[in-house]
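Here, each number is a calculation from the coordinates, and none is a lab measurement. No experiment lies behind these values; they were computed from the predicted model shown. Every residue, glycine among them, receives a Cβ derived from its backbone with ideal geometry; neighbour counts consider all protein chains shown.
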Amino acid sequence: MMNLSDIARALVAPGKGILAADESEKTADEKRLAAFGIATGPEMHRKFRDMLLATPGIEAYLSGVILYKETLSQSDTKDGIPSKEIDALPFPELLAARGILPGIKVDEGLEPLSESPEESITKGLLGLPERLNEYHGESKTCFTKWRAAITIEGDRLPTARALVENAKRLATYACEVQKAGMVPMLEPEVLLDGAHSRLRSRAVIESAMRVLFDTLNEQCADLSGIIIKTSMALSGDKSGRTDTPEEVAEDTVGALMDTVPAEVAGIVFLSGGQTPDQATANLAAITKLARERNAPWPLTFSYGRALQEEAIMVWKGEDENVPAARKVFLERLEKVAAAIR
Ligand code: 13P
């Protein structure tokens with residue numbers, strides 16, 4: 001049985017990263033299927049996950065996959081084996097059989113923060129211990145994710161209140177997950193939406209991390225058994241500016257080195273609305289600079305959109321396109337993994 005730091009280290013093993021395939025039913029329907037003209041519903045969610053997770057060879061690039069609860073009880077398509085000699089495998093088992101750690105998103109989405117309704121707080125602490133025991137016991141998940149979303153608007157947002165309230169929930173979540181024998185991945189996502197500068201994004205990442213680690217230190221979390229999932233420092237999507245990979249690296253590595261303790265097991269990046277090529281080039285520059293600066297923690301990717309987007313466009317929801325979509329998915333994985341090598 002792996003202990004917390006073994007799991008955390010395996011997740012950030014050299015040359016590998018994590019696929020975020022943990023969209024809720026609503027996000028999967030609206031943003032991954034309907035947005036590409038693909039039919040929606042539970043069976044299409046299953047086919048969508050099968051297209052990605054049953055791709056032969058992904059274990060060369062993936063240490064883990066973050067799943068959503070619906071996917072835990074769904075199984076792969078055993079295409080090409082009409083005799084059904086081999087039963088379809090539940091997705092967590094399919095991943096584990098290939099040495100990929102199954103993880104689970106355990107937050108229950110966002111709601112307005114009552115004191116500042118333009119900002120959000122993440123739901124999901126109610127009944128969390130029971131759900132954790134169920135996921136860990138029945139589906140053998142090894143790690144979990146909790147996402148907080150931090151909005152930037154000029155110097156007005158985020159408010160201190162939003163940072164503190166989200167940090168408290170992230171820290172409570174982390175302690176519960178560690179008690180349940182799994183590794184928490186804490187994601188205070190600083191959103192790309194807005195006209196802010198890259199420096200403002202850096203400053204907000206720094207504030208969010210400072211508040212988070214102050215809160216974690218007051219609680220019970222063992223930092224060697226947590227993973228931090230972060231945004232890169234980027235100019236907002238309405239700023240009219242595209243940052244160079246070197247600029248992104250300077251402010252991202254700078255922000256993290258100033259705020260994230262060395263004991264943390266690893267840091268992973270979300271793609272956050274960057275194109276697949278941007279997310280790949282920025283990660284390569286971040287990895288290079290982090291090595292030059294002797295950053296104390298391993299760094300890797302935990303991308304959703306930047307890994308999935310091209311494959312979804314080729315797949316179009318059609319069974320006959322699955323081999324071509326898997327080829328494109330594998331090619332992107334190869335490029336992203338090359339960026340951290
Ligand atoms: P993106 O890479 O699409 O931002 O998704 C990562 C994630 O897990 C967001 O919570």
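Close amide H contacts of Ala233 (hydrogens built in the peptide plane, cut-off under 5 Å, sequence separation of 5 or more or a different chain): Thr252. Rounded to the nearest 10 degrees, the angle from helix 198-218 to the longest Cα principal axis of the chain is 90 degrees. Backbone geometry of the stretch 179-185 corresponds, through the Karplus equation with coefficients 6.51, -1.76 and 1.60 at θ = phi - 60°, to 3J(HN,Hα) couplings of 4, 7, x, 10, 8, x, 10 Hz, x marking Gly and Pro.
Relative contact order of the chain: 19 percent, from C-alpha pairs under 8 Å at least 6 residues apart in sequence. Most tightly packed first, judged by the mean number of other beta-carbon atoms within 10 Å of their residues, the peptides 308-315, 157-164 read 308-315, 157-164. Calculated translational diffusion coefficient of the chain (20 °C, 1.002 mPa s; Stokes-Einstein with Kirkwood radius over alpha-carbon pairs) equals 106 µm²/s.
The helix-based estimate of mean residue ellipticity at 222 nm for the chain, built from -39,500 (n - 2.57) per DSSP H run of four or more residues and divided by its residue count, is -13500 deg cm²/dmol to the nearest 500. Helix 276-292 and the longest principal axis of the Cα set of the chain meet at an angle near 60°. Listed values for the stretch 162-178 are Karplus-derived 3J(HN,Hα) couplings in whole Hz (6.51 cos²θ - 1.76 cosθ + 1.60, θ = phi - 60°), namely 5, 5, 5, 5, 5, 5, 4, 5, 4, 5, 4, 4, 4, 5, 4, 5, 5, and x replaces Gly and Pro.
Compared with the dominant principal axis of the Cα atoms in the chain, helix 128-139 is inclined by about 30°.
Place a point 7 Å from the Cα of Asn3 along the Cα-to-Cβ direction; which residues of the stretch 216-232 have their backbone N under 19 Å from it? Within reach of a label on Asn3, which here means backbone N under 19 Å from a point 7 Å along Cα→Cβ, the stretch 216-232 contributes 220-227. Extending 7 Å from the Cα toward the beta-carbon at both Glu134 and Ala262 defines two label points whose distance is 4.3 nm. When only the Cβ of Lys, Arg, Asp and Glu is charged (+1, +1, -1, -1), the dipole of the chain relative to its Cα centre reaches about 520 debye.
Counting 0.36 nm for each residue step from Glu334 to Leu110 and taking away their Cα separation leaves a gain of 77.4 nm. Approximating the spin labels as points 7 Å out from Cα along Cα→Cβ, the Glu246-to-Glu25 distance works out to 5.0 nm.
Take the Cα of Leu126, step 7 Å along the line toward its Cβ, and report every residue of the stretch 168-193 whose backbone nitrogen sits under 16 Å from that point. Hits in the stretch 168-193 for Leu126 at 16 Å: none. In terms of surrounding Cβ atoms within a 10 Å radius of their Cβ, Val211, Val322 rank from fewest to most as Val322, Val211.
Toward the positive end of the charge dipole of the stretch 99-159, with +1 on the Cβ of Lys and Arg and -1 on the Cβ of Asp and Glu, the farthest Cα among Leu157, Ser120, Gly103 is that of Gly103.
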